[in-house]
Amino acid sequence: EIAVLEEATEVSEAGVQAMIETARPGAIHRDVWLKMYTAMVQASGERPWRLSISSRGSGNASFGFPLDDVFRAGQILGQECSGSVLGYGSQVNHSVLLGSPAPADWASAGQYCLDLFHDLLDRVAPGKSIREFCDF
């Protein structure tokens, strides 16, 4: 089961890699989405559980469908990229800045997210309660 989840993660990462290779200022959302979808299907032979990319402030803004949006420089592209292997899914996310200029707080916001992730990970351990996690 763990090996299948690891493989599903690799499928998701193939989708993100396709996004990184094709998402540029001037690219059409639909073209990037289809490249990602194709990479994930080729990696596993299965339809992704979820594939939603957006520069509208959330990976969820496209509701999992390709759009006709044209990406602009300085936008942040977020996603929910969930590959599937034997019915198991694994989601990866990797926000990407398209071109430049970056928002003034791009580096500090990224560092904050990394720090928070590690703080949250430290709170998920045997013997710790959900209440402690939520209280944080």
Legend entry - Given (1) more than 19 Å from the chain's Cα centre (by Cα); (2) of a type in the set (Gly, Ala, Ser); (3) modelled with pLDDT under 85, number of the condition residue 64 does not satisfy: (1)
Inset, instruction - With respect to residue 94, determine if the residue is open to solvent by 80 Å² or more (accessible area, probe 1.4 Å) and touching a helix residue (DSSP H, G or I) at 6+ places or on another chain (Cβ under 9 Å). - result: yes
Inset, instruction - Scan the stretch 34-61 for residues that are surrounded by fewer than 17 Cβ atoms within 10 Å (Cβ to Cβ), small (Gly, Ala, Ser) and at pLDDT 95 or above and jot them down. - result: 45
Inset, instruction - Can you confirm whether the stretch 63-80 contains a residue that is closer than 21 Å to residue 7 by Cα, surrounded by 15 or more Cβ atoms within 10 Å (Cβ to Cβ) and in contact with a Gly (Cβ under 8 Å, 6 or more places away or on another chain)? - result: yes
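The values are calculated or read from the model by the stated rules, or taken from the named source; none is laboratory data. Keep in mind the model is a prediction, meaning the values are calculated, not measured. When we count neighbours, we look across all protein chains shown, and the Cβ atoms used for this are built from the backbone with ideal geometry, even at glycine. For the accessible areas, the whole protein counts, side chains as well, though only heavy atoms, and no ligand, DNA or RNA atoms are used. Shrake-Rupley method; radii C 1.70, N 1.55, O 1.52, S 1.80 Å.
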